[in-house]
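> Starting off with a structure, shown below.
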Amino acid sequence: RDAQESRGLGDVYKRQLKDAGAEVDWRGVVYDEAEKHAVMSCCHFGFNLMKPDVCVGLTMKSVDYFRHDLPILNNIPADTAELVDREQVGVNVGPDTAAQVAGMTVEDCLRMRENVRRVFDETFDLPVVQARYAALLRGIV
């Protein structure tokens, strides 16, 4: 039931984006890294959506999108919404999201991708995470 409700939420946003003139190519779930990269390199955004009653921190899905330089359309509140706003790595969805996305220029999209790459490299890349973890452990031990 939860997966069905999440798909329903995605369907709402897909329809709104299409109605605003954006091209939407829904590929479904992709696990193969090479195929994932091929798909994501052709996209402007990845969907990072949860049901409204779910509150989580940063999702692995969003980190995966960032790994492939893909900004997100996000409805997850708190940490993720703050990251999207502060670092300009996507768009937090709202009533005007479809028009906002449809009105973005090529420069807007490129700048957002550059922000995603910078944030991933500085925050989420595995060697960076390992170094921070090791530093924390040294402070404890």
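> When the helix-only estimate is applied to the chain (DSSP H runs of n ≥ 4, each -39,500 (n - 2.57), divided by the residue count), what is the mean residue ellipticity at 222 nm, nearest 500 deg cm²/dmol? Don't skip to the end; give the middle numbers.
On the way: 7 runs with 78 residues, N = 141.
Roughly -17000 deg cm²/dmol at 222 nm, from the helical runs in the chain.
> Quick one: angle between helix 126-140 and the longest Cα principal axis of the chain, in degrees between 0 and 90, rounded to 10, please.
40 degrees
> Treating only the Cβ of Lys, Arg, Asp and Glu as charged (+1, +1, -1, -1), what charge dipole size does the chain show about its Cα centre? Round to the nearest 20 debye.
Values: 17 positive and 23 negative charges, 48 e Å.
That gives a dipole near 220 debye.
> From Cα coordinates alone, what are the radius of gyration and Dmax values for region 53-107 in angstrom?
11.4, 35
> Restrict the search to region 22-84; then list the GluC sites (Glu not before Pro) that DSSP places in a loop and that have at most 15 other Cβ atoms within 10 Å of their Cβ.
On the way: sites: GLU23, GLU33, GLU35, GLU82; in loops: GLU23.
Listed in order of number, the matching sites are GLU23.
> Now for a separate question. Scan the chain and report its longest stretch carrying no chymotrypsin sites (Phe, Trp or Tyr not before Pro) that are both in a DSSP loop and have at most 15 other Cβ atoms within 10 Å.
Numbers: sites that count: TRP26, TYR31.
With chymotrypsin sites (Phe, Trp or Tyr not before Pro) excluded where exposed in loops, the chain gives 32-141 as its longest stretch.
> Given 37 °C and 0.692 mPa s, how large is the Stokes-Einstein diffusion coefficient of region 5-87 in µm²/s, with Rh as the Kirkwood radius over Cα pairs? The partial results should precede the final answer.
Numbers: Rh = 13.6 Å.
Here the translational diffusion coefficient equals 242 µm²/s.
> Principal axes first, then extents: for the Cα atoms of the chain, list largest minus smallest coordinate on each axis, whole Å, largest first.
Dimensions of the chain along the principal axes of its Cα atoms: 56, 38, 31 Å.
> Per the Cauchy relation, a quarter of the hull surface: what is the mean projected area of the convex hull of the alpha carbons in region 93-141, in nm²?
On the way: hull surface 20.0 nm².
Computing the convex hull of the Cα atoms and averaging its projections yields 5.0 nm².
Every number in this text was worked out from the coordinates using simple rules, so none of it is lab data. All values reported here derive from a predicted model rather than from experimental measurement. Counting neighbours? That spans all protein chains shown, and the Cβs are built from the backbone with ideal geometry, glycine included.
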